[in-house]
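Taking it in order: structure first as structure tokens, then the write-up.
The values are calculated or read from the model by the stated rules, or taken from the named source; none is laboratory data. None of the values given here were measured: they were computed from a predicted structure. Neighbour counts are summed over all protein chains in view; Cβ atoms, including those assigned to glycine, are modelled from backbone coordinates with ideal geometry. We work out accessible area using only protein heavy atoms, side chains counted, and drop any ligands, DNA or RNA first. Shrake-Rupley method; radii C 1.70, N 1.55, O 1.52, S 1.80 Å.
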Amino acid sequence: MVEFAVLTGHLTSRSRSGAVARTLLDELRLTGAEVTEIAVGELPHSALMAGNRRHPAVQASRRVVAAADAVAVVTPRYEPHGSVPLRSWLAMLPSDALAGKPVLPVGLGTVRSHSIGLGGGLGAARVLPATFLYDHWFTETGGWRQGPRADDLLRRAARTLRASAFGEVVAA
């Protein structure tokens, strides 16, 4: 069974990025794969900022990524290089942790700079083309919900990530 890790920065469940992460997680789970979200923003900030690799929560999250066949990184809207907790966490990964693994950057707004900014933290990963979503593709209904264009892109991105993990070819 292929395992996916979905890294989320400092998100709230009611944020647009939270809606993005939920859709991505749901789409990957539909394939029957095991999918684990690593909510980096919820890890102890003291451990992240101090680079404490020995903290149990940090160790557990690193083990998930080590076991994963592919990784998606969902970044918050206004943090062009990913959130500080996310960058700190990535800095604690062993240099070969993502070597050869497909990694999909997903975000809102300035995602092109997200994928460039995250690039240094992704080591030798096989970084897939970023999925770029616009704010106006979402509506608020007691929480953010993506419209058809964003939904379609996210579902295609999940299929691409899955195919990359299996070495399959995806039709455009």
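Selection over the range 122-146 of residues that are farther than 30 Å from Met92 by Cβ and part of a helix (DSSP H, G or I) gives a count of 3. Residue pairs whose Cβ atoms lie under 8 Å apart, sitting 6 or more positions apart in sequence or on different chains, and linking a residue in the range 25-51 that is among the polar types (S, T, N, Q) to a partner that is open to solvent by less than 90 Å² (accessible area, probe 1.4 Å) and assigned to a strand (DSSP E or B), are Thr36/Glu3; Thr36/Phe4; Thr36/Ala5; Thr36/Val6.
I'd like to verify a number: residues in the range 1-11 that are modelled with pLDDT under 70 and either under 14 Å from Leu154 (Cβ atoms) or touching a helix residue (DSSP H, G or I) at 6+ places or on another chain (Cβ under 6 Å) (or both), how many?
Let us first name the residues in the range 1-11 that are modelled with pLDDT under 70, namely 1-2, 10-11.
Narrowing the set further to residues that are either under 14 Å from Leu154 (Cβ atoms) or touching a helix residue (DSSP H, G or I) at 6+ places or on another chain (Cβ under 6 Å) (or both) leaves 2, 10-11.
The number of residues fulfilling the criteria is 3.
Quick one: would you say Ala72 is at pLDDT 90 or above and open to solvent by less than 40 Å² (accessible area, probe 1.4 Å)? Taking the combined requirement at face value, the residue satisfies it. Residue check: Arg149 meets all listed conditions (1) assigned to a helix (DSSP H, G or I); (2) at pLDDT below 90 but one, namely (2). If the condition is being in contact with a helix residue (DSSP H, G or I) (Cβ under 8 Å, 6 or more places away or on another chain), more than 12 Å from Glu3 (Cβ to Cβ) and in a loop (DSSP other than H, G, I, E, B), then the range 22-72 contributes Leu43, Pro44, Gly51, Asn52, Arg53, His55.
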